[in-house]
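Please read the structure below before turning to the comments.
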Amino acid sequence: MVSVSTWTSPEIDMRIVELKQKGVSHAQIAREIVAEFRVFVNKNMVLRRARTILGIDRGEKAANERLERKRKAEKAALEPKAPRPVNVPAPVVTLPPLASALAPWPVASRPPPAPLVLGNGKCAFPLWANGATPSHEYCSKQTPLGSSWCAECRAVVWHTYRQARAA
């Protein structure tokens, strides 16, 4: 057992280098230093000291490795990719015609009603039943300025709203 004042003494440094060259793990080196020199160290302390003694700065080395990987990736992105096949005809798929395509077009039984021009003071209240097919027939009475419905149709549209507010 050797007595040392600090754990960074030359004797401990020589022992770390000797054990590191033999391939001993950092945890095992720490255990041997504790047993031999009676100095508390752990594997992380041994790791950092070994890097300092041997001149390895992991932070700089790792940064250089990351930079090199980034440069290689950028270079690979700029290189041309493998050429794609050109002038390859697309596969032709022929399907049988649909029955609906062969059927004659249905003929309308009656022509649609002429569109009614609303606006300009004409009532736009629809005259067909709720849920029925639109017949596009509208009230068409004169409306007050700025309104879409005549007074009678407006009363039909808004009567439920007024009753709900009164209640």
- line: Scanning segment 38-64 for residues that are modelled with pLDDT under 90, assigned to a helix (DSSP H, G or I), under 19 Å from Gln21 (Cα atoms) and under 42 Å from the mean Cα position of the chain (by Cα) gives Leu47, Arg48, Arg58
- prompt: Filter segment 83-135 for residues that are basic (Lys, Arg) and at pLDDT 70 or above; which is farthest from Glu152 (Cα to Cα)?
  reply: Arg84
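On the given criteria, is Arg15 basic (Lys, Arg) and at pLDDT 90 or above? Let's see the steps before the verdict.
Values: basic (Lys, Arg): yes; at pLDDT 90 or above: yes.
So Arg15 fits the description; yes.
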- request: Would you mind stating whether Arg71 is within 12 Å of Ile16 (Cβ to Cβ), among the basic types (Lys, Arg) and either more than 34 Å from the chain's Cα centre (by Cα) or surrounded by 10 or more Cβ atoms within 10 Å (Cβ to Cβ) (or both)?
  value: no
statement: With the first residue restricted to segment 121-132 and required to be surrounded by fewer than 16 Cβ atoms within 10 Å (Cβ to Cβ), and the second required to be not in a loop (DSSP other than H, G, I, E, B), Cβ contacts under 8 Å at 6 or more apart or on different chains are Gly121/Gln142; Pro126/Tyr138; Leu127/Tyr138
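The values are calculated or read from the model by the stated rules, or taken from the named source; none is laboratory data. All values reported here derive from a predicted model rather than from experimental measurement. Heads up, the Cβs are rebuilt from the backbone with ideal geometry, glycines too, and the neighbour counts pull from every protein chain shown.
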